[in-house]
1. Would you please give the FRET efficiency between Asp474 and Ile317, computed as 1/(1 + (r/R0)^6) with r the Cβ-Cβ distance and R0 = 56 Å, to the nearest 0.05?
2. Tell me, what is the FRET efficiency for Ser646 and Asp281 to the nearest 0.05, using R0 = 51 angstrom and their Cβ-Cβ distance as r?
3. Using only Cα atoms, figure out Rg for the chain and give it as a multiple of 2.2 N^0.38 Å.
4. Taking other Cβ within 10 Å of each residue's Cβ, how do Phe603, Phe436 sort, fewest first?
5. Based on the alpha-carbon gyration tensor of segment 3-236 and its eigenvalue square roots a ≥ b ≥ c, which shape applies: rounded if a/c is under 1.5, prolate if not and a/b is larger than b/c, or oblate?
6. Enumerate the amide H contacts of Gly38 below 5 Å, restricted to partners 5 or more residues apart or on another chain; note that Pro and chain-start residues carry no placed amide H.
7. Please say if segment 298-460 is rounded, prolate or oblate, where rounded means a/c under 1.5 for a ≥ b ≥ c the square roots of the C-alpha gyration tensor eigenvalues, and otherwise the choice is prolate for a/b larger than b/c and oblate otherwise?
8. Helix 79-92 versus the longest principal axis of the chain: what is the Cα-based angle in degrees, 0 to 90, to the nearest 10?
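FYI, it's all coordinate maths here, none of it is from the lab. Here the structure is a predicted model, which means the values were calculated and not measured. Heads up, the Cβs are rebuilt from the backbone with ideal geometry, glycines too, and the neighbour counts pull from every protein chain shown.
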Amino acid sequence: MNNQRLQPLLKPASIAILGASQKNGSVGNEVIVNLCRGGYEGLIYPINPGYGSILGIACYQALADLPTQPEMVIFAISDRRIEAALDEVIALGIPACTIFSALILDNDSTPNLKQRITAKAEKAGLLIAGANGMGFYNVRDRVLAGGFDTRDHPYPGNVSLISQSGAGMSGIVDCEQRLKFNLAVSSGYELTVSMEDYLDYALDLEETRVVGLFLETSRHPQKLIQAFQKASQRNIPIVVLKVGRTDLAAELAVSHSGALAGSDQCYNAVFDRYGVQRVDDMDQLATTLIMFAQTSQISSGGVVSLHDSGGERQLLIDLADKLQVPLTELQESTVSTLEKLLDAGLPAINPLDGWGAGGLHAGVTMADCFVALMEDSGAAIGAVVHDRGPNSEVYAPYLNYLHQAQAASGKPVFLVANRQGSGSDELAITSTHHGFAVIDGVSQFLIGARCLLNYRDFLLREPMKRSDTNDTNDTKSDYWRQRLQSENVVSETLASQCLADLGIPMQQSVRVSSQDKLITAAATIGYPVVLKTAQLGIDHKSDVGGVVLNILDETHLVAAYDDMVNRLGAQVMIAPMLQSTGVEMILGVSRDSQFGPTVVVGFGGVYAEVLGDVAVLMPPFNAATVKRALHKLSMAELLTGVRGASKVDVDSYCEAAARLSEIAVTFTDTVVEVDINPITLTADGCLGLDALMVLAGKY
């Protein structure tokens, strides 16, 4: 992607406004007002045959009457006039335009107006912002190309916001003065310029410290990944509000893995891979952008906080635990310093209630306490958590605590109100702009802090290396690719053989079609054994009574066989019964329509069906990536040994998952789903007990 391509759209030397108007509040008027308010330095050409001038700027009858050709045209006209106007723009060779309207006509023909506009623009190479958008504010270059009222935007800014929701842009840009933007875009329909293009452009702006995305979907997934890679390389954090968590993929998936790796999980996998921080609502998005915009790189450690209330201190402790935000355990030297400062009865712990009896010197003591907290070697981020005063005013002395602590420690500090209240305070805005951010809401602060700490940890990750692939593995991959391409359906026996040959620990079974062969196989394997149906078309055997466990002798085996054959068919398989108990895990591959192969890791068996306690990762990855993902799962404690259970060999599972990630990439055109469920994890290692493999184009 090349930023020069978007220059005529986002930084045009001249702009024409079709449908310019003197009517206050109209789109044709607001466009001119915004351009003038933003200090646009190029030529403005209002076009409307009904006026001689608008806001003191000469108005023209038509595009053809302009003294020079504009570089960008803004459409402030009705949808019924847009197609003809677009034809004229293309005929004149104008490179860019902005369309606010939704391109909907009553009794439209087929293809409809939106489709016709898109086809014509693509053929001509015309850059279009929109349609169905709020426009854009290129604050850094003083191009406020919006058709609706907006606030004054201080120059320069360091935050970029790209929103696929028009209200998602204006709801933050116009309502959050603590943020200073260099670029804000409502991408709309993205007819010829997409969210990914704007993101790439923003990452190349030297002022950009953080980018926010209001994301509905990616129309160009590979371009999105390229932009995320660029952000990662340049240490520019991206904070995303991703809406639309519906699991579309589950309806079409054959395996458990495919059902669990829904579209939203795949986005999470992409975000994790590139250090993109996800939030859940617009308040969280705005707060996290504020915190990133005012913060340099974070040091090691957790959060420290100073309070003037024991109850509100306890609230932060509860919320930090719920949100998994680490609180710093203070060093003995810090505790000793605090004990000398605090009134009797106040414990020297973090979070710290430092108020005590209050009085004349309480502020001095509080400031000293906060300095001590921030100078602790385990403190990465600090917050003074006090309520705002009457009328939501910020008490100026509280900001002194921040200044003193940052001067002493050099670490990022924030003033946090437990809630905002009913108003705003200019001091909150100016203090934030000067690097001492005022945050409203403990939960919002903690979520922002979690994003800061997670992004710090992402930057510290070792570069991911793919496992070595030798000639033997290449030969095996070539063999199995050809073998699988010759099959219509892959049996469990064949799937297990394939996975084992490619490096995944798998229990092998023997497929039989008669009672005599079954008895012979059991004698060879040794009791106890497991009997499963091998009838093609039965993907989930336990759902139909197609699995019998712990068969101890021939009599039991024959009875189980006769019952299974009568109900399900003559094809069965027999395998050893695993003697040691362990934790049932799942390991699988799924194919996402946008991002390609993904790998599911997590807890399997019944857990997979009922709890869905899994993570989805983008392959290829290493074992460390798997271990980090497992640590975040709700049942992770089961892997360390609970209530006397043995600690399991997690590393063996992580290595198997990393190997499967290589297989997922190597076989991306051959295999669309793999389901190893369960893969039993014990103190001695892991072993896949059941395998399902779905071939591309054959399900």
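1. 0.55
2. Working: r = 42 Å, r/R0 = 0.83.
The calculated FRET efficiency here is 0.75.
3. Compared with the compact-globule rule of thumb, the chain sits at 1.17.
4. Result, fewest neighbours first: Phe436, Phe603.
5. In terms of gyration-tensor shape, oblate.
6. Here the answer is Leu144, since their amide H atoms fall under 5 Å of that of Gly38.
7. rounded
8. Helix 79-92 sits roughly 80 degrees off the main axis of the chain.
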